[in-house]
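Down below is the structure, laid out as structure tokens.
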Amino acid sequence: YISIDNDNQIFLSGLTSDTPTQNTATIVLKLDTMGNEIFRKTLLYTPGKDHCGAYIFPALEKGYIMHGCMDTIINEGEFDLPHYVGKLDEEANIEWMTFFNEAREKWVANIYEMSDGHIMVVGIDKNHPETAVNDNSGFLAKLSPQGEILWQRNYQGLDNSWQIQDMCLTLDGGFALVGRYRNIIDAPDNHGDVWLLKVDSMGCLEPECG
């Protein structure tokens with residue numbers, strides 16, 4: 001991934017296996033506008049553990065926001081690469097990380113930093129009741145500027161697969177969410193239909209859902 005940071009410098013993030021054990025880790029590079037390296041760091045390297053990389057972009061004030069997934073000893077569920085959201089300082093040192101490591105898979109599809117520093121997270125959640133027919137639900141979560149999960153809303157029908165993959169802020173302070181619905185029961189080979197939702201500032205489809 002590539003972006004221009006708040007210092008008008010080039011910031012790159014990606015994946016490297018150039019580690020002592022050849023396990024993958026996240027790598028970041030900061031370059032000036034002539035391509036000269038300012039710094040390079042390998043993040044979250046753990047022997048015997050792997051990463052799937054991280055998407056990192058400049059925060060509105062200073063530092064960087066990131067999301068990715070990694071093998072971690074704190075994961076207690078069945079998913080061996082839980083997703084996380086995190087914050088880096090201006091030198092790409094980790095300030096905090098929040099893992100979405102529930103009993104089953106939970107994917108962070110996209111994140112959005114709001115003007116007040118809160119972070120909105122959208123994705124796909126397989127932590128539905130075992131008796132449900134649906135394969136997964138879409139979710140929207142709000143994190144504090146320090147990474148605390150303030151609330152989370154899940155969206156789904158009574159069956160099949162429901163996914164949220166992106167979002168934007170609307171003029172009334174709410175959110176527009178977009179994803180995909182797949183009828184995996186009646187049409188398992190169907191690639192699905194576009195699914196669009198409009199929710200309020202608390203993530204509610206109906207008022208006062210929280």
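The values are calculated or read from the model by the stated rules, or taken from the named source; none is laboratory data. For clarity, every value in this text was computed on a predicted model and none was experimentally measured. As a convention, Cβ positions derive from the backbone with ideal geometry for all residues, glycine included, and neighbour counts pool all protein chains shown. Heavy atoms of the whole protein, side chains included, go into the accessibility calculation; ligands, DNA and RNA do not. Shrake-Rupley method; radii C 1.70, N 1.55, O 1.52, S 1.80 Å.
Cβ neighbours within 10 Å, averaged per peptide: list 90-99, 23-32 in order, most packed at the top. Provide the component values of the computation, followed by the final result.
Working: 90-99: 15.1, 23-32: 18.8.
Ranking the peptides 90-99, 23-32 by packing returns 23-32, 90-99.
Quick one: net charge around Asn127, please, counting Lys, Arg +1 and Asp, Glu -1 for every other residue with C-beta under 9 Å from its C-beta.
Working: positive: Arg104, Lys106, Lys126; negative: Glu102, Glu105, Asp125.
Residues near Asn127 contribute 0 overall.
Could you list, in their original order, any pairs among Lys87/Lys142; Lys30/Lys142; Lys87/Lys198 whose Cα atoms are separated by more than 20 Å? Can you show the working numbers first?
Values: Lys87/Lys142 15 Å; Lys30/Lys142 29 Å; Lys87/Lys198 28 Å.
Lys30/Lys142; Lys87/Lys198, as the Cα separations exceed 20 Å there.
Apply the Karplus curve 6.51 cos²θ - 1.76 cosθ + 1.60, θ = phi - 60°, to the phi angles in region 114-124 and return the couplings in whole Hz, x for Gly and Pro.
8, 5, 8, x, 5, 10, 9, 10, 10, x, 10
Contour minus end-to-end for Thr42 and Asn23, with contour as 0.36 nm per residue of separation and end-to-end as the Cα-Cα distance? Don't skip to the end; give the middle numbers.
Working: separation 19, 0.36 × 19 = 6.84 nm, distance 1.17 nm.
Going from the current span to full extension adds 5.7 nm.
Of Tyr45, Cys69, Gly123, which is farthest along the charge dipole of region 25-125 in the positive direction, counting Lys and Arg as +1 and Asp and Glu as -1 at C-beta?
Sorting the options by dipole projection puts first Tyr45.
With a Förster radius of 35 Å, plug the Cβ-Cβ distance of Cys52 and Asp32 into 1/(1 + (r/R0)^6) and report the FRET value to the nearest 0.05. Each step should come with its number before you reach the end.
Numbers: r = 29 Å, r/R0 = 0.83.
Given R0 = 35 Å and the Cβ-Cβ separation, E is 0.75.
How much accessible surface does Lys62 have with a 1.4 Å probe, in Å² rounded to 10?
Number for this one is 120 Å².
Can you give me the long-range amide H partners of Ile27? Hydrogens built in the peptide plane at 1.01 Å from N, cutoff under 5 Å, separation of 5 or more residues or another chain.
Gly14, Leu15, Thr16, Leu43
What length, rounded to one decimal in nm, is gained on full extension from Leu150 through to Glu91, with 0.36 nm per residue of separation minus their alpha-carbon distance?
Numbers: separation 59, 0.36 × 59 = 21.24 nm, distance 2.73 nm.
Net length gain for the segment: 18.5 nm.
Please list 3J(HN,Hα) in residue order for region 137-151, calculated via the Karplus relation 6.51 cos²θ - 1.76 cosθ + 1.60 where θ = phi - 60°; whole Hz, with x for glycine and proline.
In residue order, the calculated couplings are 10, x, 9, 10, 10, 10, 10, 6, x, 9, x, 6, 6, 7, 7 Hz.
So what is the relative contact order for the chain, in percent, with contacts set as C-alpha pairs under 8 Å and at least six apart? Before the final figure, lay out each step's value.
Details: 524 pairs, mean separation 20.9, N = 210.
Relative contact order for the chain comes out at 10 percent.
Ordered by residue, what ³J(HN,Hα) values in Hz, to whole numbers, does region 162-177 give under the Karplus form 6.51 cos²θ - 1.76 cosθ + 1.60, where θ = phi - 60° and Gly and Pro are x?
10, 10, 10, 10, 7, 7, 8, 7, 9, 5, 8, x, x, 9, 9, 10
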